Amino acid sequence: MSSQRILNARYELGELIGRGGMADVYRGTDTLLGRTIAVKVLRADLARDPQFQARFKREAQAVAALNHPSIVAIFDTGEYSVPGGPGEDVRVPYIVMEYVAGRTLRDMIKANELDVESSIGFTLGVLSALEYSHRAGIVHRDIKPANVMVCADTGDVKVMDFGIARAMADSAATMTQTQAVVGTAQYLSPEQARGETVDARSDLYSAGCLLYELLTSRPPFVGDSPVSVAYQHVREIPDMPSAHNPDVSEALDSVLAKALQKSRTDRFQDAASFRRALRAASNGIPVPALPSSEAPTDPNDLVEEDPATQLLSTTAVGFLDVDQFKDQPVDHPQDDALPLGLPTERERTAGQKTRRRTWIATLVIFTLIVLAGGGFWLYSLMNLQPPPPAKIPVPVVANMSESQAIQELYSAKLVPKTVREASDSVAKDMTIGTAPTAGSLLDQDAEVILKISSGPSSVTIPANIVGRTEPDARDALRKLGITGDVSTVRTHSATVPVGVVINTAPAPGGPIAASSKVELQVSSGKVLMPQLIGLPQTEAEATLKTNGLVMAVVEQENSEVAPGTVTAQSETFNTEVDQGKTVTVTVAKAPVTPTPTPTPTPTNTDKPTPKPTETKK
């Protein structure tokens, strides 16, 4: 992307500020309006795929008509060409968006910076954005912490990435052409996981998952794979947030219990009611619980709960026709008649009656003994102290990525708390180890300190940083582990192309602290115009050549200065001019001396003309 600096002759790209699965985001400048923007560019290797093209363009179409303070605004869209092969150009689309200076909720969760009050506030902002987009007929379908930005200056939230959003009229298309469920597994609604129709209430379920993670630093469901997580969304009931965070009130538990209902009809029906319930819960007012006897009677509700149940019920009713038993006469046996046509019982003898009573007494005594034994066994079982829960060994997570290590600890039923430490041996964002160490035995849900490498404590700026483009140089410094601010200073150069690094401060080659600030001295592609007036022509030409400029000479007669002296220049002294520009200089030359005209010999007209001599006769 470094070769494509300006898009549409208007949007100048700067540093890379984000990278996702399908697009890169650059900080840029709108040269026409002079404002900072964010430019989202589809990755060139995905631009050939029509599905990615359609999904990327759908994001711009979905948000273009939305104008809300909690939704990242779209300013413009376009395409540019990149070489795709012999005789082939690939059209790569881009979106020009509002630039938001801040962090995502995902980053704030990882840093453990959220309390109950701020979690409620951020969720209210997300619900405000959803209320507006739902009124406009747009379902987001991918609400998650990574898609919510928090402004650094105001603390307001901005919902972004409507890449898989659809109009409600088209929301039935929850599957892609490859039959993969769209969305993120840990925040999928049950209907999304089943591939059913998606509406506004699906976004509200995802918002409930987001609030759950803000309050507890973990999603409602975790599993070994996205499929297992999606299955839990459909079948399992999550733990109450208060089980993981004692600061969560019962009122907040009741809000999330309603927001995470499996059936859409049992959830909040719109974002406004969710917001009202959340505000009430922050004041200690819970959401009324659903009646325990309440059960869906609509066939569509049965399909949502369990399609197999409805199929079984419908089949059973089909085989049982109750109407055929109506108005049928019922035969009642006569009082004196024996049922089933049995013969009349004969009169028993005294011996028979005695044996009968003995057997009955024996059976009663045996039954009482069995019941007494069973009762004693049950009493003993109920009064036994349960065995202490088994201790859980801390798993080995060293050299795993942060997300893998967190998932491993959650799977072991332990609660991770991440801290960052400098490490010269473990790569940045990889796991150093845990405290307690791996193999230690802990109780279930015990907290484990997860040590994540923040990179080396000192680094050396490589010499090959000089000559790179600014974005490449920034990426290289970040990969080295430099965490300090990387600033840019535009420097004039006669030879280095525009946008290429000339030098760094501190200079390359020496060790510096990883937290040090680094200044990139980047060529501006311009030079300062030197003063040429008064210089001899040869000296002026050498000065221009030193500055990478070309001289064009115009001679002009001038009797006041020595011939060959520069008397004027087309570019003003000390102004910025582009590299290689031609500068016209005026050089004095000696004036031409006119050739004198010869003076004619004058004729004397005063001398008297001699008279002719007369001849005498």
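The values are calculated or read from the model by the stated rules, or taken from the named source; none is laboratory data. Predicted model only: the values in this text are computed from it and were never measured. Neighbour counts are summed over all protein chains in view; Cβ atoms, including those assigned to glycine, are modelled from backbone coordinates with ideal geometry. Side chains are part of the model used for accessible areas, which takes the heavy atoms of the whole protein and leaves out ligands, DNA and RNA. Shrake-Rupley method; radii C 1.70, N 1.55, O 1.52, S 1.80 Å.
Of note:
- Rounded to the nearest 20 debye, dipole of segment 532-598 from Cβ charges on Lys, Arg, Asp, Glu: 120
- For Val90, distant residues with modelled amide H under 5 Å away: Val82, Gly84
- Residues with amide H under 5 Å from that of Ile37, placed H, sequence gap 5 or more: Gly28, Thr29, Asp30
- The local environment of Glu250, defined by Cβ-Cβ distances under 15 Å, has a net charge of -2 under the rule Lys, Arg +1 and Asp, Glu -1.
- Rounded to the nearest whole Hz, the Karplus-based 3J(HN,Hα) values (6.51 cos²θ - 1.76 cosθ + 1.60, θ = phi - 60°) of segment 241-248 follow the sequence x, 5, 5, 10, 9, x, 6, 7, with x at glycine and proline.
- If you take the Cα centroid of segment 1-60 and the Cα centroid of segment 243-274, the two points sit 38 Å apart.
- To put it simply, the accessible area of segment 26-125 at a 1.4 Å probe is 49 percent carbon and sulfur.
- Phi angles of segment 119-124 translate, via the Karplus equation with coefficients 6.51, -1.76, 1.60 and θ = phi - 60°, into HN-Hα couplings of 4, 5, x, 5, 5, 4 Hz per residue; Gly and Pro are given as x.
- The GluC sites (Glu not before Pro) of segment 517-578 meeting both criteria, a DSSP state outside H, G, I, E and B (loop) and at most 11 other C-beta atoms within 10 angstrom of the site's C-beta, are Glu560.
- Relative contact order [Cα under 8 Å, 6+ residues apart], segment 1-127, whole percent: 19
- Pairs from Lys57/Lys262; Lys428/Lys517; Lys40/Lys262 whose Cα-Cα separation, in the structure shown, is over 29 Å: Lys57/Lys262; Lys40/Lys262
- Environment charge at Thr491 (Cβ cut-off 13 Å; Lys +1, Arg +1, Asp -1, Glu -1): -1
- Distances between placed amide hydrogens fall under 5 Å for Ile71 paired with Val159, all partners being 5 or more residues away or on another chain.
- Residues in segment 470-490 reached by a label modelled at Ser515 [backbone nitrogen below 17 Å; 7 Å Cα→Cβ]: 481-486
- Residue-by-residue Karplus 3J(HN,Hα) for segment 363-373, coefficients 6.51, -1.76, 1.60, Hz, glycine and proline x: 5, 5, 4, 4, 5, 5, 4, 4, 5, 5, x
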